[in-house]
Amino acid sequence: MLMGQVIGNIVSTRKHEGIVGSKILEIRVIENGKDTDKYLVAVDNGIGAGIGERVLVTVGSGARLALGDRSTPVDAVVVGIID
């Protein structure tokens, strides 16, 4: 799992059917409490994260499991908002 900060929304007019209705977010990775120059794109499937919020992101096969559908082609999913 990774920690990051949402820095933007990504708009897509066409999406895979498994992520229709989900937001796509640009996230800056945080390591050891500091911002890095690493970025990733993650699906927010109902968590409701917004720009500026710190989030937990799961990557790899865990991301597909977080969506509840192993056939959805995603590699990163927001699974929580850090208070």
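The amide H of Gly80, built 1.01 Å from its N in the peptide plane, has Leu56 as neighbours under 5 Å, considering only residues 5 or more places off or on other chains. Per-residue ellipticity at 222 nm, computed for the chain from helices alone with -39500 (n - 2.57) per DSSP H run of at least four residues, works out to -2000 deg cm²/dmol.
Using a probe of 1.4 angstrom and keeping all protein chains present, the accessible surface of the chain works out to 61 square angstrom per residue.
In straight-distance terms, cross-link reach from Lys23 covers every one of the lysines whose alpha-carbon lies under 16 Å from its own, apart from those fewer than eight places away in the same chain; here that gives Lys15. Computed on the Cα atoms alone, the convex hull of the chain gives a volume of 87 cubic angstrom per residue. With R₀ set to 30 Å, the beta-carbon distance separating Glu17 from Tyr39 gives a calculated FRET efficiency near 0.70. Normalised by the number of residues in the chain, the average gap of Cα pairs under 8 Å and 6 or more apart makes the relative contact order 32 percent.
Across the range 20-47, the residues whose backbone nitrogen lies under 19 Å from the label position 7 Å along the beta-carbon direction of Val59 are 24-45. To put it simply, the accessible area of the chain at a 1.4 Å probe is 48 percent carbon and sulfur.
The values are calculated or read from the model by the stated rules, or taken from the named source; none is laboratory data. The shown structure was predicted, so the numbers you read here are calculated from the model rather than taken from an experiment. A quick note on method: Cβ atoms are made from the backbone with ideal geometry, for glycine too, and the neighbour counts reach across all protein chains shown. With ligands, DNA and RNA removed, areas are computed over all heavy atoms of the protein, side chains included. Shrake-Rupley method; radii C 1.70, N 1.55, O 1.52, S 1.80 Å.
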